[in-house]
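Trainee: Could you have a look at this structure, given as structure tokens, before my questions?
The values are calculated or read from the model by the stated rules, or taken from the named source; none is laboratory data. Only a predicted model underlies this, so the values are computations on that prediction, with no experimental measurement involved. With ideal geometry, Cβ positions are generated from the backbone for all residues, glycine too; neighbour counts draw on all protein chains shown.
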Amino acid sequence: MKLRVLLVGLVGGIAASAVMQYPLYRYLPGKIIAEWPAAQSGLAWGLVAVTAVLLLACGALAARLSGASHRMGAFGAGAVAGLMTAVIVQLTWGSAAAGVWGGREMLSFGMKPAASETIFTGMLAEAVVSTMWWSFASVWLAISAGLTLGGIGGYIAGPGGSPAKPLHTFWAAVSVAGALTAALSAIVSAAIYALLVTQTEKTAVEAGRTLSFSSQSILDWPLGTHLVLLAAWLFVCWLTVRRARPETALARGTLISAALVNGVLPVVVVLMLLLVNRGLFLMPVPLAGMALSLAGGFLAVRQGLLLLRQPKPPAAVPPVTVSFFSALVALCGGIMLADALIGSAASLNIVTLLIPLITVQDPAVAGPPTATMAANVGVNYSLQSAFAFMGGLALLGLMALTALVVWGVQWLQARRSAPKVIPPSAGDAGGDSRSVV
């Protein structure tokens, strides 16, 4: 698969974000908040259909440009492009929209005090659980839509383009970055959300409120999401090393190092989770996530050891290319950015949407509202889209810096490998006695 597939996903994500701005930002809040400007339902759903077609088109274009040799390779290229497109939409508008939908009971109640403290605390507990639930459920909806529609588009279009060179070292390095980010996020999630589970359950019981979702999902969703992402990157590493046929010692060493690092990583994560909260080993979702990541780690390290036993290839150094390193830095940085934004979206939704309502809806402390409901919702959308936008600009700057560094290395290599001209000595008589070394 060629690196231009990633460019298709990036451009498709920008286009899809522009299309989905109306359904997720203009239309959805208006179904919940009275003062939000009205939007046309038919147009909103029509643009959702356009986005689905765009995912299919991105997958098809990526497949035709991928250089894949068979339809399953085209499916994979389309799935990668579709995934990137869908995740960009999720980061710009989807997470904020999920927060609005999750907190719809408190948001639709309005800027006025509740009839009693019990009613308010019941609404708050429900809103916290529902916001956590939909913030992460929307992530998996976006991932599923991107992979499925992009893959279908790629499969229908079929392979195309000149045959692509294997990018095994590229994907091995990317898998390490993805696995490290997911592992760190899993540990942070276990430390942060465990206390919120207990407090929310206690509040719901005291208010006599039956929650729509279990309070345990406050921990299950973020921790389970990051553990599944960790396992997914470990399986990517395993598959990459398994299919690789390294032609140089450097490529072989990169693949082995990636496999061994990814193999040890889930063990470290499980031990850290044990230190943070031993009760996780009695919870089905975290336990399943840890088992899945350990299985992926075992496969990765096993494949790395198998490659270690194979004969060493020549100790040649592959040429340094701008596109390879720029894409590698951009994709690794993008994965870290996406994981951070996904992990923080639910907390940001709670802080910007629900916390300001406490001083208005809680009858014990109720006072005049400092801002309208529409303003609070607008701030949440603006913050989350701004974080994604600024992160994207930072990645573009990082790509440019990487390109400059690689070009500098290429220039130095060219200078060192250029033939040296030895000037003639003073005693040489006549003729051109210069020699080239």
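Trainee: Between ALA15, ALA57, which is surrounded by fewer than 24 Cβ atoms within 10 Å (Cβ to Cβ), part of a helix (DSSP H, G or I), touching a Leu at 6+ places or on another chain (Cβ under 7 Å) and not β-branched (Val, Ile, Thr)? Break it down stepwise before answering.
Mentor: Working: ALA57 fails: touching a Leu at 6+ places or on another chain (Cβ under 7 Å).
ALA15 is the lone residue from the list that is surrounded by fewer than 24 Cβ atoms within 10 Å (Cβ to Cβ), part of a helix (DSSP H, G or I), touching a Leu at 6+ places or on another chain (Cβ under 7 Å) and not β-branched (Val, Ile, Thr).
Trainee: Now, a different point. Any residue at all in the range 62-76 that's modelled with pLDDT of 90 or more, of a type in the set (S, T, N, Q) and either touching a strand residue (DSSP E or B) at 6+ places or on another chain (Cβ under 8 Å) or buried (at least 19 other Cβ atoms within 10 Å of the Cβ) (or both)?
Mentor: No.
Trainee: Between ALA125, ALA115, which is touching a residue at least 24 places away in the same chain (Cβ under 8 Å), of a type in the set (A, V, I, L, M), farther than 22 Å from CYS58 by Cα and not in a helix (DSSP H, G or I)? It would help to see each step written out before you state the result.
Mentor: Working: ALA125 fails: not in a helix (DSSP H, G or I).
Exactly one residue qualifies, and that residue is ALA115.
Trainee: Continuing with this model, one more query. Counting only residues that are assigned to a loop (DSSP other than H, G, I, E, B) and either among the acidic types (Asp, Glu) or closer than 21 Å to ALA291 by Cα (or both), how many does the range 212-243 have?
Mentor: Step one: of the range 212-243, the residues assigned to a loop (DSSP other than H, G, I, E, B) are 212-216.
Add one more test, that the residue is either among the acidic types (Asp, Glu) or closer than 21 Å to ALA291 by Cα (or both), and what stays is 216.
Selection size over the range 212-243: 1.
Trainee: Only residues that are aliphatic (A, V, I, L, M) and free of Cβ contacts under 8 Å to residues at least 60 places away in the same chain: list them for the range 16-28, please. Full working, then the answer.
Mentor: Within the range 16-28, the first condition is being aliphatic (A, V, I, L, M), and the residues that meet it are 16, 18-20, 24, 28.
Listed by number, the residues that qualify are ALA18, VAL19.
Trainee: Mind listing whichever residues of the range 261-277 are among the aliphatic types (A, V, I, L, M), crowded, with 20+ Cβ neighbours inside 10 Å and farther than 14 Å from VAL188 by Cα?
Mentor: Hit for the range 261-277 is LEU265, nothing else.
Trainee: Can I ask one more? Kindly indicate whether VAL176 is of a type in the set (Val, Ile, Thr) and in contact with a Leu (Cβ under 9 Å, 6 or more places away or on another chain).
Mentor: Numbers: of a type in the set (Val, Ile, Thr): yes; in contact with a Leu (Cβ under 9 Å, 6 or more places away or on another chain): yes.
Here the answer is yes, as VAL176 does meet what is asked.
Trainee: Now a separate question. Please determine whether any residue of the range 154-162 is small (Gly, Ala, Ser), surrounded by 20 or more Cβ atoms within 10 Å (Cβ to Cβ) and over 23 Å from ALA63 (Cβ atoms). Can you show your working first?
Mentor: Initial filter on the range 154-162 (small (Gly, Ala, Ser)): 154, 157-158, 160-162.
Filter again for surrounded by 20 or more Cβ atoms within 10 Å (Cβ to Cβ), leaving 154, 157.
Adding the requirement that they be over 23 Å from ALA63 (Cβ atoms) leaves none.
No, that holds for no residue.
Trainee: Do the conditions hold for PRO246, that is, is it in a loop (DSSP other than H, G, I, E, B), in contact with a Leu (Cβ under 7 Å, 6 or more places away or on another chain) and crowded, with 18+ Cβ neighbours inside 10 Å? First the steps, then the outcome.
Mentor: Details: in a loop (DSSP other than H, G, I, E, B): yes; in contact with a Leu (Cβ under 7 Å, 6 or more places away or on another chain): yes; crowded, with 18+ Cβ neighbours inside 10 Å: yes.
Yes, satisfied.
Trainee: Can you find even one residue in the range 308-319 that is closer than 25 Å to ALA177 by Cα, touching a Phe, Trp or Tyr at 6+ places or on another chain (Cβ under 8 Å) and part of a helix (DSSP H, G or I)? Spell out the reasoning first.
Mentor: Keep residues of the range 308-319 that are closer than 25 Å to ALA177 by Cα, which gives 308, 317-319.
Okay, now just the ones that are also touching a Phe, Trp or Tyr at 6+ places or on another chain (Cβ under 8 Å), so none.
Looking for residues that are closer than 25 Å to ALA177 by Cα, touching a Phe, Trp or Tyr at 6+ places or on another chain (Cβ under 8 Å) and part of a helix (DSSP H, G or I), one finds none in the range 308-319, hence no.
Trainee: Separate question: Scan the range 77-90 and give yes if some residue there is assigned to a helix (DSSP H, G or I) and farther than 30 Å from SER162 by Cα, otherwise no. Lay out the reasoning, then the answer.
Mentor: If we filter the range 77-90 for residues that are assigned to a helix (DSSP H, G or I), which is where we start, we get 77-90.
Imposing the further condition that a residue be farther than 30 Å from SER162 by Cα reduces the set to 89-90.
Yes, the range 77-90 contains a residue that is assigned to a helix (DSSP H, G or I) and farther than 30 Å from SER162 by Cα.
Trainee: Assess whether ALA386 counts as being at pLDDT 85 or above, assigned to a helix (DSSP H, G or I), of a type in the set (A, V, I, L, M) and under 19 Å from GLN21 (Cβ atoms). It would help to see each step written out before you state the result.
Mentor: Working: at pLDDT 85 or above: yes; assigned to a helix (DSSP H, G or I): yes; of a type in the set (A, V, I, L, M): yes; under 19 Å from GLN21 (Cβ atoms): yes.
When the stated conditions are applied, ALA386 passes them.
Trainee: Do any residues in the range 388-406 that are on the phi < 0 side of the Ramachandran plot have Cβ atoms under 7 Å from those of residues that are among the polar types (S, T, N, Q) and part of a helix (DSSP H, G or I), where the two are at least six apart or on different chains, and which pairs are they?
Mentor: Cβ pairs passing all conditions: ALA388/THR92; MET399/SER326; THR402/SER326; ALA403/SER326.
Trainee: Does any residue in the range 354-379 that is farther than 17 Å from ALA34 by Cβ and at pLDDT below 85 come within less than 9 Å, Cβ to Cβ, of a residue that is surrounded by fewer than 19 Cβ atoms within 10 Å (Cβ to Cβ) and of a type in the set (Lys, Arg) six or more places away or on a different chain, and which pairs are these?
Mentor: That search, which allows pairs on different chains as well, returns ALA366/LYS112.
Trainee: Now a separate question. What about GLN361, is it buried (at least 17 other Cβ atoms within 10 Å of the Cβ), closer than 20 Å to TRP233 by Cβ and of a type in the set (S, T, N, Q)?
Mentor: Details: buried (at least 17 other Cβ atoms within 10 Å of the Cβ): yes; closer than 20 Å to TRP233 by Cβ: no; of a type in the set (S, T, N, Q): yes.
Taking the combined requirement at face value, the residue does not satisfy it.
Trainee: Output the number of the condition that LEU184 fails; it satisfies all remaining conditions of (1) out of contact with any Lys or Arg (no Cβ under 8 Å at 6 or more places or on another chain); (2) in contact (Cβ under 8 Å) with a residue 24 or more places away in the chain; (3) within 26 Å of SER257 (Cα to Cα); (4) of a type outside the set (Phe, Trp, Tyr).
Mentor: (2)
Trainee: Moving on. List the residue pairs whose Cβ atoms are under 9 Å apart, where the first residue sits in the range 29-53 and is assigned to a helix (DSSP H, G or I), the second is polar (S, T, N, Q) and surrounded by 15 or more Cβ atoms within 10 Å (Cβ to Cβ), and the two are 6 or more positions apart or on different chains.
Mentor: Final answer for the pair search is LEU47/GLN21; THR51/THR85.
Trainee: Scanning the range 1-30 for residues that are of a type outside the set (Val, Ile, Thr) and modelled with pLDDT under 90, which turns out nearest to PRO159 (Cα to Cα)?
Mentor: Residues of the range 1-30 that are of a type outside the set (Val, Ile, Thr), as a first pass: 1-4, 6-7, 9-10, 12-13, 15-18, 20-30.
Those left that are additionally modelled with pLDDT under 90: 1-4, 6-7.
Numbers: MET1: 10, LYS2: 12, LEU3: 15, ARG4: 14, LEU6: 16, LEU7: 17 Å.
Per the criteria, the residue is MET1.
Trainee: State yes or no: is VAL329 in contact (Cβ under 8 Å) with a residue 40 or more places away in the chain and more than 30 Å from LEU7 (Cβ to Cβ)? It would help to see each step written out before you state the result.
Mentor: Values: in contact (Cβ under 8 Å) with a residue 40 or more places away in the chain: yes; more than 30 Å from LEU7 (Cβ to Cβ): no.
No: the conditions fail for VAL329.
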